[in-house]
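S.K.: I'd like to ask you about the structure that follows.
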């Protein structure tokens, strides 16, 4: 979907909801119906979620708005992430829900802003935003990490993505996933995730390892070595157990790994 299509859909959903649910009016008018465009909706929603003792809502809303205008790719990625969430999350029934309520979507969009601050050579506000995201949403993504578009971060609780991690496009994360190091080493030390990968709940991927395109990592797996494309790894330590039945496992979110076994 295009940015304009997503904006239109959000306004239509909000208008219908206001008519049948009076308790929604204040939130939807403030965060959707009275906003000039999707970028404005996103900025105010993130500000409402992250405001607190460190930064107030007006400061955050201004910062998000300015950076969304300066880096339009942030808004483009947000649309792709929103669409991915609607398509892949069975519990999602509208485009409004991820925008307003899903901390995985919201935390990812806030990380994207922290990342451009980091890239501008502004580590203090980037890490300040990282800290707020971690405390508010229970997910910790280092602002230096490089993350593609079209991501689903389902539930998000206890998600950790380290400083030198790289994540491709159209990846799906379940809760509790760690892309971490193996100790106190420095330098390039975190996993590299290909396109279309599905990472099961509480999968722990450690070290400067490479996960090939469209691979599938089982829930609770501890992955310490490279994973070839289009393979399924599970266990502790993780080993190859078969091949995904889907061309792009991140899209269908099939959690029954026995179907992949040889």
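S.K.: Considering every residue within the range 88-97, establish whether at least one is in contact with a strand residue (DSSP E or B) (Cβ under 8 Å, 6 or more places away or on another chain) and crowded, with 20+ Cβ neighbours inside 10 Å.
M.R.: Checked against the condition, which is being in contact with a strand residue (DSSP E or B) (Cβ under 8 Å, 6 or more places away or on another chain) and crowded, with 20+ Cβ neighbours inside 10 Å, the range 88-97 yields at least one hit.
S.K.: Continuing with this model, one more query. Return yes or no: is residue 187 surrounded by fewer than 16 Cβ atoms within 10 Å (Cβ to Cβ), more than 22 Å from the chain's Cα centre (by Cα), on the phi > 0 side of the Ramachandran plot and assigned to a loop (DSSP other than H, G, I, E, B)? First the steps, then the outcome.
M.R.: Numbers: surrounded by fewer than 16 Cβ atoms within 10 Å (Cβ to Cβ): yes; more than 22 Å from the chain's Cα centre (by Cα): yes; on the phi > 0 side of the Ramachandran plot: yes; assigned to a loop (DSSP other than H, G, I, E, B): yes.
It is true that residue 187 is surrounded by fewer than 16 Cβ atoms within 10 Å (Cβ to Cβ), more than 22 Å from the chain's Cα centre (by Cα), on the phi > 0 side of the Ramachandran plot and assigned to a loop (DSSP other than H, G, I, E, B).
S.K.: For the range 168-184, what are the residues that are buried (at least 19 other Cβ atoms within 10 Å of the Cβ) and part of a strand (DSSP E or B)?
M.R.: 172, 173, 178, 179
S.K.: Continuing with this model, one more query. Just a yes or no: is a residue in the range 230-245 closer than 28 Å to residue 136 by Cβ, touching a residue at least 24 places away in the same chain (Cβ under 8 Å) and assigned to a strand (DSSP E or B)? Don't jump to the end; show me each part of the working.
M.R.: Taking the range 230-245 as the starting set, the residues that turn out to be closer than 28 Å to residue 136 by Cβ are none.
Checking the range 230-245: not a single residue is closer than 28 Å to residue 136 by Cβ, touching a residue at least 24 places away in the same chain (Cβ under 8 Å) and assigned to a strand (DSSP E or B).
S.K.: Out of all the residues in the range 60-98, which are farther than 22 Å from residue 149 by Cβ and touching a helix residue (DSSP H, G or I) at 6+ places or on another chain (Cβ under 8 Å)?
M.R.: Selection gives 60, 61.
S.K.: Would you mind telling me which numbered condition in (1) surrounded by fewer than 15 Cβ atoms within 10 Å (Cβ to Cβ); (2) at pLDDT below 95; (3) not in a helix (DSSP H, G or I) residue 225 fails?
M.R.: Looking at each condition in turn, residue 225 falls short on (2).
S.K.: Within the range 71-82, is even one residue without any contact (Cβ under 8 Å) to a residue 40 or more places away in the chain and over 25 Å from residue 138 (Cβ atoms)?
M.R.: yes
S.K.: Which of the numbered conditions does residue 195 fail, given that it passes all the others? Conditions: (1) touching a residue at least 40 places away in the same chain (Cβ under 8 Å); (2) outside any helix (DSSP H, G or I); (3) in the same structural domain as residue 63 (by TED's automatic domain parsing).
M.R.: With (1) touching a residue at least 40 places away in the same chain (Cβ under 8 Å); (2) outside any helix (DSSP H, G or I); (3) in the same structural domain as residue 63 (by TED's automatic domain parsing) applied to residue 195, the lone miss is (3).
The values are calculated or read from the model by the stated rules, or taken from the named source; none is laboratory data. From a predicted model like this one, the values you see are computed outputs, not experimental measurements. Heads up, the Cβs are rebuilt from the backbone with ideal geometry, glycines too, and the neighbour counts pull from every protein chain shown.
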